[in-house]
Structure formats: C-alpha cells, structure tokens
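The values are calculated or read from the model by the stated rules, or taken from the named source; none is laboratory data. The structure presented is a predicted model; accordingly, all values stated were derived computationally and were not measured. We place every Cβ from the backbone using ideal geometry, glycine too, and count neighbours over all the protein chains shown. When the accessible area is computed, the model is the full protein with side chains, heavy atoms only, and any ligands, DNA or RNA have been set aside. Shrake-Rupley method; radii C 1.70, N 1.55, O 1.52, S 1.80 Å.
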Amino acid sequence: MQGLIAKSVGNFARSLSITTPEEMIEKAKGETAYLPCKFTLSPEDQGPLDIEWLISPADNQKVDQVIILYSGDKIYDDYYPDLKGRVHFTSNDLKSGDASINVTNLQLSDIGTYQCKVKKAPGVANKKIHLVVLVKPSGARCYVDGSEEIGSDFKIKCEPKEGSLPLQYEWQKLSDSQKMPTSWLAEMTSSVISVKNASSEYSGTYSCTVRNRVGSDQCLLRLNVVPPSNKAGLIAGAIIGTLLALALIGLIIFCCRKKRREEKYEKEVHHDIREDVPPPKSRTSTARSYIGSNHSSLGSMSPSNMEGYSKTQYNQVPSEDFERTPQSPTLPPAKFKYPYKTDGITVV
C-alpha cells in the first residue's frame, strides 16, 4: 500500500505543471504587457498539446472568453474582438514549454484576470495573472487662481489633463534662492497651494511634478507678485473709454441717417420735376418750318399783297416757341416795280 502511494506521488510530481507564479502586472495605457506562462511536461504526458488563454473582464458582467488558442499545431487568435490583432504568443515553438503572450497597445478595456491553461493528456495545469492598465499623467497645467498682487490671497494649482489615481504631487522653486516659502511647506505635496498675504519674495519660477505608478509629467509656473494696481484709475479710464465709444457710434448713426434723408429728398424732387414739366419742344425745327412756309407763300404772291401778309402772318408765330429768341424786326411795306429774287425765288 505504501509503495502504491509513493508511486502515485511520484507520478504527480512528474506530471505537467506551470512554473510561473500567479501575479499582478501593472502597465500604462498604450504599452505592451508581457504575460508569462511557462510549463514542464512529464514522460507520461503523451496526448496532443493544447494551450488556451482566457480573460475574465474586470466588470464581472461577461463570462470567461478565449482570446487565443493553440491546438493541432495551429494558432487561433480571432476569438475575442476587443483584442483581435493585439495578442500574440511570444515563442515560435510552443512545445518547448513557453506559452507566454504579449498584449500590445493596452487599453483600459483590457483590465481583467487572464488565465493560462495547458493540457497534454493526461496532464492539465492552469495559472492566473491579474492585469491592471493605468493612464500616465499627461497634459499637466500650472496656473494662478487669483490676483498676483502684494498683500492679496490667491492659489497656485497643478492639474494634469489625465492620469490614473492615486496621483502624487511635488512642488519646487527653480529660481532665486530655490527655497519654498515656509508657509507653503505643508502643501508641497498637494495639487493646490494657498498663498496668504503675498509678498514680492514669492516671485519666481516654480515646477510641479505629478506622478503615479506608471509615469509622470511636469509643468512650470512663473509667479510675479507686483504692487496693487490703481483700480480707481482703471475704472475711470474704462468708463471714459466706453462713453467715447458710445459717442462715436452715435455720431456715425446720425451722419448715416442724415445722408439717407438727403438722398431721399433729392430723389423725390427729381421725380416731381419729371412728372409736372412736359419736355420742351424743338425751337429750331419750329422756326425753320414756319419760315419755309412763309417763303413758299411769298413765291405765289404779288408785291401788292406783301404788306398785308407780312403784318398778319409773321405776327402769328407762336410766342412759346420764340419767347427766348430775339424778335426779328418787322419788315416795312414795300412796293416793287421790278421783279426781284429772294432766297432763290423770283417774285413778280
């Protein structure tokens, strides 16, 4: 009986086993996580070698899922969509006893418990590794909250844009005596330092370093404590400037309205003139037509009736056509005894 028990213990000791201890690994977002899984085989393990990696997500709302598998001398790595293309075996010869994997470009969704299972009948073994993905501090910004004046109270702050908790802060003075004010010492490891009754000695360049377990970031702050400004003068200047601006705007509006009224008035007057006054007649054409008709009449009249014609017909020229042209003198009556020519017409 004792020999049988000893034989069984010996077989168990020589069976398949994973030598890598369980552990927790912390890595930064975007980095690559190496998850070790090394195993040994015994002569009794004669079955086909199967290697399987599973993940138990941190939210505990999903069941264990296979992320990569080795079976029948083939690798299958498209089981888990969230890790597709980002999980790989580190060894090209898995039969050598190394089933470790790399998870690249880590994301916060990769946080969870990973389990390595190795099977080679009759041997079976498994180990778990806890993976934690942290975000490095980045985008740190240092600034002053308040007025940097002598005698005033304000705060200097150090804030990273992102970074996984817990975060640690460290302030340092880089200029002058490089000694931090005594009243600040209690807050040297805080993200905010409260400054009371500021003095010019506080002026200088300060640095803030923020870090966590996977990285750090730093920002600089130039503090310049100055005498109080003349607030009354600033307020008066602001009021005067505002009044001048309002006066200028009012003047511009007044000029624009005045110009519009003048343009409107000119258009209305021009429109009235065009409607009330008819276009003037052509004086030249009227005079020419009238003189031409007189010449024709003179050609058919005798000297005996010229006197009466010249008095009556010439006075019938419309006054509106000649009101601005000089009047021709009235021809005196004449008696002709001989034929004569006028404008190329022979009068008998």
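Hey, can you tell me all the residues within region 175-189 that are within 15 Å of L221 (Cα to Cα) and open to solvent by less than 80 Å² (accessible area, probe 1.4 Å)?
S175, M180, M188
Given the options L35, L83, name the one that is without any contact (Cβ under 8 Å) to a residue 60 or more places away in the chain and assigned by the TED database to the domain that holds Q107. Break it down stepwise before answering.
Working: L35 fails: without any contact (Cβ under 8 Å) to a residue 60 or more places away in the chain.
None of the others qualify; the one that does is L83.
Does I51 qualify as being within 25 Å of S164 (Cβ to Cβ), modelled with pLDDT of 95 or more and not in a loop (DSSP other than H, G, I, E, B)? I'd like the intermediate steps shown before the answer.
Numbers: within 25 Å of S164 (Cβ to Cβ): no; modelled with pLDDT of 95 or more: yes; not in a loop (DSSP other than H, G, I, E, B): yes.
Criteria not met by I51.
Tell me the residue from G163, G146 that is crowded, with 17+ Cβ neighbours inside 10 Å and either touching a residue at least 12 places away in the same chain (Cβ under 8 Å) or not acidic (D, E) (or both), please. Please lay out each step first, then the result.
Values: G146 fails: crowded, with 17+ Cβ neighbours inside 10 Å.
The conditions single out G163.
Examine region 62-70 for a residue that is surrounded by 13 or more Cβ atoms within 10 Å (Cβ to Cβ), within 23 Å of S42 (Cα to Cα) and either in contact (Cβ under 8 Å) with a residue 60 or more places away in the chain or polar (S, T, N, Q) (or both), and state whether such a residue exists.
no
Give E26, E44 a once-over and let me know the one that is part of a strand (DSSP E or B) and either modelled with pLDDT under 95 or open to solvent by 50 Å² or more (accessible area, probe 1.4 Å) (or both).
On the way: E44 fails: part of a strand (DSSP E or B).
Going through E26, E44 in turn, the sole match is E26.
Hey, G97 hits all of (1) on the phi > 0 side of the Ramachandran plot; (2) open to solvent by 30 Å² or more (accessible area, probe 1.4 Å) but one; which does it fall short on?
Unmet condition: (2).
So which residues in region 214-239 are more than 35 Å from the chain's Cα centre (by Cα) and not in a strand (DSSP E or B)?
Residues of region 214-239 more than 35 Å from the chain's Cα centre (by Cα): 226-233, 236.
Matches in region 214-239: P227, P228, S229, N230, K231, A232, G233, A236.
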